[in-house]
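To start, the structure under review is shown below, and the notes come after it.
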Amino acid sequence: MFPFSSSPLQIGTNVLGPYLFTKCLMPVLKKTAASAPLGSVRVTWAGSVAVDVWSPKPGGITFDETGNPTCYSNNSTNYGVSKVSNLMLATEFARRYPVKENKIITNAWNPGNLQTELQRHSSKLLLLAMTWMLYPPVYGAYTELFAGWSEEAGRESNHGKYIWPWG
């Protein structure tokens, strides 16, 4: 049974899918990076404010006695765990693929507080309270584009770093 049984689609979409996709692309990424300018080949991972707001403290992920990640009955907490997992993937990717050997830059990014479909199941009262702090979705694209294309995010000194809104 999948350890996140209350939200396997959420974990699969936010963590396992990007991880497996990246794993499959690694031969192409390495080959491309070998002949490309440093910082032009990148892997970015989607974080969220949920890392700080909804993930369990301390550490963002807890494990049960068998070593599996804890499954929570609260989908917001599971979402926070999925986003912490992406930060951990960025950190681990940076550790396993040093820039000096692979010339691939990795980072994670927080798109910001965006008015998107993520709020579709929230109560009207919560939506009303959150409205003042939500930005149009295009702002999230600014951070993602910064992570993937800006010269600054592609520097070796930013390998494995976490990018805050708006880039």
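Ranked for footprinting exposure by Cβ neighbours inside 10 Å, fewest first, ARG155, ARG42 give ARG155, ARG42.
Going by how many other Cβ atoms sit within 10 Å of their own, how do THR116, THR131 line up, fewest first?
THR131, THR116
As a size descriptor, the averaged projected area of the C-alpha convex hull of the range 102-145 was calculated at 3.9 nm². Short to long, the 5 Å bins of the Cα pair-distance histogram for the range 63-167 hold 2, 11, 16, 18, 17, 14, 12, 8, 3, 1, 0 percent of all pairs. Could you work out the relative contact order of the chain? I mean the mean sequence separation of Cα pairs under 8 Å and 6+ apart, divided by the number of residues, in percent. Taking the mean separation of contacting Cα pairs over the length of the chain, I get 27 percent.
Each reported figure results from applying straightforward, stated rules to the coordinates on display, with no laboratory input. Since we're looking at a predicted model, the values are computed, not measured. As a convention, Cβ positions derive from the backbone with ideal geometry for all residues, glycine included, and neighbour counts pool all protein chains shown.
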